[in-house]
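The values are calculated or read from the model by the stated rules, or taken from the named source; none is laboratory data. Keep in mind that this is a model prediction, so the values were computed, not measured. When we count neighbours, we look across all protein chains shown, and the Cβ atoms used for this are built from the backbone with ideal geometry, even at glycine. Only protein heavy atoms, including side chains, enter the accessible area calculation; ligands, DNA and RNA are left aside. Shrake-Rupley method; radii C 1.70, N 1.55, O 1.52, S 1.80 Å.
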Protein chains: 2
Amino acid sequence: MSNEIEAVPKESIKRLQIIQAAFKLFSENGFYATGVDLIMRQAHVSKRTMYVYFPAKNDLIVAVLKFYRANYERSLSDLLARNDLSSREKIVAIFEDAARNWFANSQFHGCLAVNAMGEFAGKDPNIENACLEFKTWELDVFRELTKELPVMNPQDLAFKLLVLLEGMGGIAQVMKQPCPIDIKQMVNDLIDCQCVV
Amino acid sequence: MSNEIEAVPKESIKRLQIIQAAFKLFSENGFYATGVDLIMRQAHVSKRTMYVYFPAKNDLIVAVLKFYRANYERSLSDLLARNDLSSREKIVAIFEDAARNWFANSQFHGCLAVNAMGEFAGKDPNIENACLEFKTWELDVFRELTKELPVMNPQDLAFKLLVLLEGMGGIAQVMKQPCPIDIKQMVNDLIDCQCVV
DNA sequence: AAAAGGGTAAACAGATTTGTTTACCTTACG
DNA sequence: CGTAAGGTAAACAAATCTGTTTACCCTTTT
């Protein structure tokens, strides 16, 4: 017999089903408001199985936040990999995608990491950490892009872009309407203001 | 003497105690996670009294959101009333206050209206409405200020400022660190980019 | 002094939550 | 074929939540 410590498969189908169902429900209805029973029913999984993969609800929340980030990362990878676009064009594209997908979309529920902080700040360090890691990763994406630009301080510009993206998310979440401003122009202006050329 | 209008439930001391206690608890711990029993204990009020003023928890949440807005409005009124400051200086001051109070303050829990949307979007129209009204009011404040500026499109600029302020709140909520960028410069750049002069 | 508000304390109902366990089933595989 | 892993269904414990009611107490006013 293998005397390994019983390793829960990290890539089990069931585990993924649970995370996907939980992601949808947490996004639409919030974390506290979503009961474990509902998740388990939507995932077509028994409670016993859920208990094996996620001993506590908060463990599942952390996993969902990581899944959320991995999803975002994957959806960006194609864009970032393209070599027919300049870094500036990639940045603009990120914002235009966001504007198109978030504003005037009643199915948009804001950044999951921010929502999670609203419910768990000061209560669960693991969840706080997952949220921080998500935003840190977003910042890193911008940092990779801005360091290719002829600007005075790429780090500062990356943070400014992060703030801008965050603001779009928050506003779109509350005010559901077509995005009334020219995001492309705003981003380009922001970059131009720091250009050394 | 004081024969002012008297003891209207809207202005009751007890009512205010409840709202203030609830505001603190909702901000720190979230809405669902905060039980009515705890609110009532912190407000030094019996459950029967709470039930008189707020037949349901969601009624209290709406009242708290209105209180949150009224508070913000009052804290801005001094600044907005000053006539030794230009509109541009007032706008910059709003952002510098926000940067100082939000970043690197572990007691900052983000915009209550955004947090509320995260928990109640699609569930309670009254709460959704209160959140929307809060952001609309914030936008109006900026609109009043930008229409004094020599810019092409004051309405657009106001919305951009709103997005920027929102972004600062969201980022500060998750990444608790000293604000690493020069907010004053960023706001001025944003305004300058739309100046006609 | 008596009546009437306004408030308190506490018990209670009914539903729902997370977390735990037991007993059974299905299916892949040596 | 037969075993063992992995999953299901369902009952259950214990706590908690909102919402409701009853009985009482204090203070003000008349």
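Could you please give the count of residues in the range A:135-172 that are of a type in the set (F, W, Y) and either under 20 Å from A:A81 (Cα atoms) or buried (at least 22 other Cβ atoms within 10 Å of the Cβ) (or both)?
2
To keep it simple, each residue is scored yes or no on (1) away from every other protein chain (no Cβ under 14 Å); (2) closer than 24 Å to A:A172 by Cα; (3) part of a helix (DSSP H, G or I); (4) free of Cβ contacts under 8 Å to residues at least 40 places away in the same chain.
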| site | (1), (2), (3), (4) |
| --- | --- |
| B:L85 | yes, no, no, yes |
| B:V92 | yes, yes, yes, no |
| B:G122 | no, yes, no, yes |
| B:D140 | no, yes, yes, yes |
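In the range A:115-134, how many residues are acidic (D, E) and open to solvent by less than 10 Å² (accessible area, probe 1.4 Å)?
Of the residues in that region, 1 qualify.
Report whether or not B:I171 is in a helix (DSSP H, G or I), among the hydrophobic types (A, V, I, L, M, F, W, C) and more than 9 Å from chain A (Cβ to nearest Cβ).
Criteria not met by B:I171.
Pull up the range A:178-196, narrow it to residues that are in a loop (DSSP other than H, G, I, E, B) and either in contact with an Asp or Glu (Cβ under 9 Å, 6 or more places away or on another chain) or at pLDDT 95 or above (or both), then point me to the one that is most open to solvent (accessible area, probe 1.4 Å).
Filtering the range A:178-196 for residues that are in a loop (DSSP other than H, G, I, E, B) and either in contact with an Asp or Glu (Cβ under 9 Å, 6 or more places away or on another chain) or at pLDDT 95 or above (or both), the one most open to solvent (accessible area, probe 1.4 Å) comes out as A:D182.
Sort through B:L25, B:L112 and tell me the only one that's open to solvent by less than 60 Å² (accessible area, probe 1.4 Å), of a type in the set (A, V, I, L, M, F, W, C), touching a Ser or Thr at 6+ places or on another chain (Cβ under 7 Å) and away from DNA strand D (no atom under 16 Å from the Cβ).
Residue meeting the stated conditions: B:L112.
Residue by residue through the range B:74-83, note down the ones that are farther than 24 Å from B:I171 by Cβ and not polar (S, T, N, Q).
B:R74, B:D78, B:L80, B:A81, B:R82
Is there any pair with a first residue in the range A:174-190 that is within 7 Å of chain B (Cβ to nearest Cβ) and a second that is among the aliphatic types (A, V, I, L, M) and open to solvent by 40 Å² or more (accessible area, probe 1.4 Å) whose Cβ atoms are under 7 Å apart and which are 6 or more apart or on different chains, and what are they?
A:V174/B:L132; A:M175/B:L132
Which ones in the range B:39-63 are in a helix (DSSP H, G or I), more than 7 Å from DNA strand D (Cβ to nearest atom) and more than 14 Å from chain A (Cβ to nearest Cβ)?
B:I39, B:M40, B:R41, B:Q42, B:T49, B:M50, B:V52, B:Y53, B:D59, B:L60, B:V62, B:A63
For the range A:39-59, name all the residues that are open to solvent by less than 30 Å² (accessible area, probe 1.4 Å) and more than 24 Å from B:D124 (Cα to Cα).
A:A43, A:V45, A:M50, A:F54
Take the range A:14-38 and flag every residue that is more than 19 Å from A:D124 (Cα to Cα), free of Cβ contacts under 8 Å to residues at least 24 places away in the same chain and either assigned to a loop (DSSP other than H, G, I, E, B) or more than 17 Å from the chain's Cα centre (by Cα) (or both).
Within the range A:14-38, A:L16, A:D37, A:L38 meet the criteria.
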